[in-house]
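The values are calculated or read from the model by the stated rules, or taken from the named source; none is laboratory data. Remember, predicted model here, so these are calculated numbers, not experimental data. Note: ideal-geometry Cβ built from the backbone for every residue, glycine included; neighbour counts use all protein chains shown.
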Amino acid sequence: MTARVLVVDDEEDYRIIARDVLEAEGYQVELAADGEAGLAAVRDRRPDLILLDWMMPKLDGEGFCRRLREEDLSRSLPVIMLTVKQTVDEELEALHFGVDDFIAKPFKPADLLARVRATLRRSGQRRA
């Protein structure tokens with residue numbers, strides 16, 4: 001089974017880079033430009049993992065995670081936070097809202113792949 005990854009980021013460049021890197025490794029990738037579109041994609045397509053930008057207009061990463069964790073079907077979905085900022089306080093706050101791992105922007109493709117693989121492995125998902 002090929003893992004499905006949802007990339008939720010208001011910055012198109014990061015969405016495209018993440019998509020290209022992940023698709024080259026065989027992942028199915030969906031893109032969402034904001035938190036509201038991301039939540040709709042979670043309901044419609046049921047990804048195996050979410051790459052989530054923490055700082056977005058409309059619905060930020062915190063609000064996204066709060067709503068994600070309220071739903072039975074998405075409560076346990078793994079989330080990797082993408083962020084330009086990454087202080088210890090921000091990481092602790094993100095962990096409180098259900099983030100599983102962090103990737104600092106700009107990210108290296110090898111780092112992205114390693115963290116996606118590890119998070120999927122921990123969550124019990126498998127990639128073909």
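A few points about this structure:
- Scope the stretch 36-71; condition under 11 Å from the mean Cα position of the chain (by Cα) and small (Gly, Ala, Ser); matching residues: GLY38, GLY61
- Out of ARG67, ARG43, ARG75, one residue alone is closer than 24 Å to GLY124 by Cβ, of a type in the set (Lys, Arg) and not in a helix (DSSP H, G or I). It is ARG75.
- Filter pass, ALA118 being more than 21 Å from ARG4 (Cβ to Cβ) and either at pLDDT 90 or above or within 13 Å of the chain's Cα centre (by Cα) (or both): no
- The set of residues in the stretch 78-99 being surrounded by 17 or more Cβ atoms within 10 Å (Cβ to Cβ), part of a loop (DSSP other than H, G, I, E, B) and modelled with pLDDT under 90 consists of PHE97, GLY98, VAL99.
- In the stretch 43-59, of all residues being more than 18 Å from LYS105 (Cβ to Cβ) and charged (D, E, K, R), the one that is surrounded by the most Cβ atoms within 10 Å (Cβ to Cβ) corresponds to ASP48.
Table: residues versus (1) surrounded by 22 or more Cβ atoms within 10 Å (Cβ to Cβ); (2) touching a residue at least 40 places away in the same chain (Cβ under 8 Å).
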{"position": "LEU6", "(1), (2)": "yes, yes"}
{"position": "TYR14", "(1), (2)": "no, yes"}
{"position": "ALA32", "(1), (2)": "yes, no"}
{"position": "ALA37", "(1), (2)": "no, no"}
{"position": "ALA41", "(1), (2)": "no, no"}
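- Filtering the stretch 60-83 to residues that are within 14 Å of GLY35 (Cα to Cα) and out of contact with any Lys or Arg (no Cβ under 8 Å at 6 or more places or on another chain) leaves ASP60, GLY61, GLU62, GLY63, PHE64, CYS65, ARG66, ARG67, VAL79, MET81.
- Residues that are touching an Asp or Glu at 6+ places or on another chain (Cβ under 7 Å) and not in a strand (DSSP E or B), drawn from the stretch 15-38: ARG15, ALA33, ASP34, GLY35
- Within the stretch 20-39, being charged (D, E, K, R) and touching a helix residue (DSSP H, G or I) at 6+ places or on another chain (Cβ under 7 Å) holds for GLU25, GLU30.
- Residue within the stretch 68-76 that is surrounded by fewer than 16 Cβ atoms within 10 Å (Cβ to Cβ), at pLDDT below 90 and in contact with a helix residue (DSSP H, G or I) (Cβ under 6 Å, 6 or more places away or on another chain) present: yes
- So VAL42, is it closer than 19 Å to PHE102 by Cβ and at pLDDT 95 or above: no
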